[in-house]
Amino acid sequence: YRRGDYDAAIKLLQQSIGTHSAMEQSAYLFLGQAYLKRGDNNSALMAFENAYRVDYDREVRETAFYNYAVARMDGGRVPFGNSVALLENFLQEYPNSTYSADVQRYIVNGYMSDNDYESALAALDKIPNPSAELIQAKQRVLLVLGSREYTSGKISQAISHLTQARRLASDNPSIRRQCDLWLGDCYYTRGNYDEAASSYRSFIASAPKSDTRNRAIAYYDLGYTRFCQERYSDALTDFRDAVTVMQSAPADISRSLLADCYNRIADCHYYQTDFTSAAEAYNKAYDLNPSSGDYALYQLAIMKGLRKDHAGKIESIDALSERFPSSGLIPNALLEKAESQSALGQTDQAIATYRHLVQQYPNTAPGRNGYLQLAITYINRGERSQGIETYKKVIYTFPSSEEARIAADDLKQLYAADGRLQDFVAFINSVPNAPRYEASELEKLAFQAAENDYVNSGATSKLSAYIAEYPQGADRAQALYYLADAAWNEGKPAEAQGYAMQVIQTHPDSEVAEDAMLIKAAAESSLGKTEIAYSTYQQLESRASGSNMLREARIGLMRTAADLGKYAEVVNTADKLLASTAANSPADLNEIRFMRGMANNSLGNYDKAYEDWSELAENPADIFGAKSAYYMGNSQLDRGLVKGAKSTAEKLIDSDTPHQYWLARGFILYSDILRKEGKKFEADEYLKSLKSNYPGTEADIFQMIDSRL
């Protein structure tokens, strides 16, 4: 060591570890210093920590601690090393140390290095006259706390901390701007749109022109804020400003974000009844992101119809059906197509479209509506008997649906016109669960009281009483659904499943049947009935009436397929979800891509898996980003790609991820990589340090550590 041969010194010093003596303590101190000389701060940290934790020689202990603090503040990492606790212990044990002044300065930085911003804030609040440096540290602590609280849904706390940070940062434009952007998101999430708009405008007013990405996002978010306020003219201006900024630096902006801007620009024109401008914007949105352009193509068709261009509308819907056959917009698009065919006098083609709709999507609300429109079309062209038979089919096929009630009303008028009301009554009475016409006043009042009680306070006793007193009640399906929803929200999956099953069995075509099926599937999955849940999600996918419900069905299908090892089905379902812009949230997209990565990895499609995982791993603050980083590194190690695995693991454990379980898994993976490289001593030291410092209680973490040691 003294002549600078640190590699040789390290090999010898490692062999002198294990005696539990003053010699071992001294060896750890020299070992840490040798690692520092070699530039290996992480191994140095663990060596200094071991030298400090024993008390054979207080002078060695004091020196080891100071070296530990310096290395830690310089960015060295140790698994969940609570450097601040060591700092505070040091001040208690060595109050007169020559290092005390430096240690006091390190405490706040230590909390930040340990990712413990709550404690950092508490420590800063205790300092009576903080320096300018500490005030700047407090600004950053408050900003990070606020942003994390927003991400985890703690909006009130986020607003409080971000507001404090903004106030402190009056002379720090960068922090102040970041606070404005986060505060805008907080207020938007809470529906406080005026406050959100004020924060976004404040950011825009102070942001430098070079900050293209954040300025574009601020305009984009401001546009959504105004859109939610139905201030479409203002929203249109904001979205146009967002597009202008995005186009000035296209490399910083994804095409999907730009396409979404054009979709919203088009929506604003639509709500202002400027259908020509709306169509132009929808066209641009589609051209920018054709692989996920089902919404733009559908809306473009609607605009053509509103401008009486029915032939163009039909052409766009045919293109939608061809390019996006799995889109949740297809059933409604077929209804629109048939409407335009009727408007053009193409009655035969309209009937063919309605028949196609009811054959392909019979259990959906648009499918049932297709039956109604088919009946009306028959009646309008004089085929009365065909129309009557189609109305009857709606009633006896979907007796518990809203469409059956409408069909029955129309059918009653037809029979009355023919003087055959008794025949109508006989038909209705012959169909189980057919629409009832005169619910008693008492029954209506009982259900209204029960519904109000549930909506206002969550109480379900009146709903149960209504079900018991009126077993054939007109609102029985809705009451059962409320009971299923209440049970699910109260953490009673078996009870929720039971109520949802009753809705599906006795009122399979009611307005709440799809929602009940979703609760049933979720409850089955929660109860470990994965195969049954998978089947239920398949049924829901086949009958989902809109994009939101289709998304829920497919996400559930994807999750249960993964649990069952149906990896090809996971990839297929994920591709369907990602092929549509309708109804997917950013959180959904992250999970979908992560799941697709897992499935492709299991199928041996490693390049495709790593493509998804790499992009997600760029944001380790997101749970799927942290998981993606771990699983990609683990996969690379299993395949013998040690260099790539090490790079992936290092990025994860160097990140500021708040997900401590996956950070711990990252350290274990890193230890496995070191062991693969023949560095057994360093690999074991990582595991020992993790075992001593990990704050979690998950048994599998400690089992993995022990099995390796």
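The values are calculated or read from the model by the stated rules, or taken from the named source; none is laboratory data. Here the structure is a predicted model, which is why all the values come from computation and not from measurement. Methodologically, a virtual Cβ is constructed for each residue, glycine included, from the backbone with ideal geometry; neighbour enumeration extends over all protein chains shown.
Scanning segment 636-668 for residues that are over 19 Å from LEU709 (Cα atoms), at pLDDT 95 or above and β-branched (Val, Ile, Thr) gives VAL642, THR648.
Can you find even one residue in segment 422-444 that is modelled with pLDDT under 85, within 30 Å of ARG384 (Cα to Cα) and of a type in the set (Asp, Glu)? The answer is yes; a qualifying residue exists. Residues that are polar (S, T, N, Q) and in contact (Cβ under 8 Å) with a residue 12 or more places away in the chain: does segment 638-652 have at least one? For segment 638-652, residues polar (S, T, N, Q) and in contact (Cβ under 8 Å) with a residue 12 or more places away in the chain: present. A single member of SER671, SER689 is at pLDDT 95 or above, within 34 Å of the chain's Cα centre (by Cα), surrounded by 13 or more Cβ atoms within 10 Å (Cβ to Cβ) and of a type in the set (Gly, Ala, Ser), and it is SER671.
To keep it simple, each residue is scored yes or no on (1) over 27 Å from TYR567 (Cα atoms); (2) of a type in the set (D, E, K, R); (3) not in a helix (DSSP H, G or I).
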| site | (1), (2), (3) |
| --- | --- |
| GLY640 | no, no, yes |
| ASP656 | yes, yes, yes |
| LEU663 | no, no, no |
| PHE667 | yes, no, no |
| LYS688 | yes, yes, no |
| PRO695 | yes, no, yes |
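The residues listed here are LEU335, LEU300, LEU329, LEU357; of these, the one that is surrounded by fewer than 24 Cβ atoms within 10 Å (Cβ to Cβ) and either in contact (Cβ under 8 Å) with a residue 24 or more places away in the chain or not polar (S, T, N, Q) (or both) is LEU335.
Listed by position, the helices (runs of 4 or more DSSP H) enclosed by segment 1-55 that each have at least 2 residues that are surrounded by fewer than 22 Cβ atoms within 10 Å (Cβ to Cβ) and either among the hydrophobic types (A, V, I, L, M, F, W, C) or in contact with a Phe, Trp or Tyr (Cβ under 6 Å, 6 or more places away or on another chain) (or both) are 6-15, 22-38. For GLY640, the criteria (1) on the phi < 0 side of the Ramachandran plot; (2) surrounded by fewer than 19 Cβ atoms within 10 Å (Cβ to Cβ) hold in every case but one, which is (1). Selection over segment 25-48 of residues that are farther than 17 Å from ARG3 by Cβ and hydrophobic (A, V, I, L, M, F, W, C) gives a count of 7.
Does PHE424 count as over 23 Å from ALA477 (Cα atoms) and surrounded by 15 or more Cβ atoms within 10 Å (Cβ to Cβ)? Yes; evaluated as a whole, the condition is true for this residue.
Residues in segment 338-354 that are assigned to a helix (DSSP H, G or I), surrounded by fewer than 20 Cβ atoms within 10 Å (Cβ to Cβ) and of a type outside the set (D, E, K, R): ALA343, THR347, GLN349, ALA352. Of all residues in segment 127-151, those being surrounded by fewer than 20 Cβ atoms within 10 Å (Cβ to Cβ), among the polar types (S, T, N, Q) and in contact (Cβ under 8 Å) with a residue 24 or more places away in the chain number 2. Selection over segment 447-496 of residues that are under 17 Å from LEU527 (Cβ atoms) and part of a loop (DSSP other than H, G, I, E, B) gives a count of 3.
Of the set (1) under 21 Å from ALA319 (Cβ atoms); (2) in contact with an Asp or Glu (Cβ under 6 Å, 6 or more places away or on another chain), all apply to GLY293 but (2). Candidates are the residues of segment 253-297 that are in contact with a helix residue (DSSP H, G or I) (Cβ under 7 Å, 6 or more places away or on another chain) and among the β-branched types (Val, Ile, Thr); the one that is surrounded by the fewest Cβ atoms within 10 Å (Cβ to Cβ) is ILE253.
Determine whether LYS520 is assigned to a helix (DSSP H, G or I), surrounded by fewer than 20 Cβ atoms within 10 Å (Cβ to Cβ), basic (Lys, Arg) and in contact with a helix residue (DSSP H, G or I) (Cβ under 9 Å, 6 or more places away or on another chain). No. Whether a residue is among the hydroxyl-bearing types (Ser, Thr, Tyr), within 24 Å of PRO95 (Cα to Cα), assigned by TED's automatic domain parsing to the domain that holds ARG72 and without any contact (Cβ under 8 Å) to a residue 60 or more places away in the chain was assessed, and SER26 passes this test. One residue stands out among those in segment 305-326 that are of a type outside the set (Ser, Thr, Tyr) and not in a helix (DSSP H, G or I): the one that is surrounded by the most Cβ atoms within 10 Å (Cβ to Cβ), which is PHE324.
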